[in-house]
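Engineer: Let me begin by handing over the structure; questions about it come next.
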Amino acid sequence: MPDVHYPGGKVFNWFRCNLLANCLVEFGVNNKVDSHVYIANGTDVEIGSYCQINHGSRLVNLKIGDHVMIAPEVVFLFQTHRTDRIDIRMIDQGTISYPKTVVHSDVWIGQRAIIMPGLEIGQGSIVGAGSVVTKNVPPYSVVAGCPAKVIKERS
């Protein structure tokens, strides 16, 4: 189905949002969800109201507040591989699960950002395009880089 901005896109957005409202734990009102958004099984994803989620984003083990903008191809990781033992191949060590990642309200996450699992993105924050977020993001801050660092405070 076409993205929101293509002819007929509002109808397809309505269809996608109605499906998500029936599949997710929580799904608010007046959201825009583009095509090719990957949402795992839906039991671990909550999305607030007035959010925009662009194409190619991957949402797993995640709680999103209200008025959040997620640019294209943003990835939220939900687990990592164990690597602590050198006597066992990494592939055989299993994975580490994390608590739900939380994106508070009024956040903008730039294109192709990667958010490591179990983090909090503070209210009013901006994550720069291409950033790799490895630590919690303070409220009303701008982070960018690899790894992402605070480069500015929003005041």
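Engineer: Work out the length of the dipole vector of the chain about its Cα centre, built from +1 on the beta-carbon of each Lys and Arg and -1 on the beta-carbon of each Asp and Glu, and round it to the nearest 20 debye.
Structural biologist: So the magnitude is around 240 debye.
Engineer: If packing is taken as the average count of other Cβ atoms within 10 Å, what order do 88-97, 48-57 fall into, highest mean first?
Structural biologist: Values: 88-97: 10.6, 48-57: 19.1.
Going from most to least packed, we get 48-57, 88-97.
Engineer: Turning to a different aspect of this structure: Helix 9-23 versus the longest principal axis of the chain: what is the Cα-based angle in degrees, 0 to 90, to the nearest 10?
Structural biologist: Long axis of 9-23 versus the principal axis of the chain: about 50 degrees.
Engineer: Something else: When DSSP beta bridges are limited to those with both residues in segment 9-153, what percentage is antiparallel, rounded to the nearest 5? Don't jump to the answer; show the numbers that get you there.
Structural biologist: On the way: 8 of 36 bridges.
Antiparallel bridges: around 20 percent, rounded to the nearest 5.
Engineer: Which lysines have a Cα less than 20 Å from the Cα of LYS149, not counting those fewer than 8 places away in the same chain?
Structural biologist: The qualifying lysines are LYS135.
Engineer: Tell me the net charge near SER105. Cut-off is 13 Å between Cβ atoms, SER105 excluded, with +1 for each Lys or Arg and -1 for each Asp or Glu. Working shown, then result.
Structural biologist: Numbers: positive: LYS63; negative: GLU46, ASP66, ASP106, GLU120.
Result for the local shell: -3.
Engineer: From the square roots a ≥ b ≥ c of the eigenvalues of the alpha-carbon gyration tensor of the chain, which class results: rounded (a/c under 1.5), prolate (a/b over b/c), or oblate?
Structural biologist: oblate
Engineer: Further, regarding this structure: Hey, what number do you get for the chain at 222 nm if only DSSP H runs of n ≥ 4 count, each worth -39500 (n - 2.57), divided across all residues, to the nearest 500?
Structural biologist: Calculated from helices alone, the mean residue ellipticity at 222 nm is -3000 deg cm²/dmol.
Engineer: If you don't mind, another one. In whole percent, what relative contact order does segment 8-124 give with Cα contacts below 8 Å and a gap of six or more residues? If you can, show how the numbers build up before the last one.
Structural biologist: Details: 282 pairs, mean separation 23.3, N = 117.
Once normalised by length, the contact order is 20 percent.
Engineer: Quick one: dipole size for segment 64-155, taken about the Cα centre, charges +1 on Lys/Arg Cβ and -1 on Asp/Glu Cβ, in debye to the nearest 20.
Structural biologist: In total the dipole reaches around 180 debye.
Every number here is computed from the coordinates shown, using simple stated rules; none is lab data. Computed from a prediction, not measured in an experiment: that's the story for all the values here. Cβ: placed from backbone, ideal geometry, glycine included. Neighbour counts: every protein chain shown.
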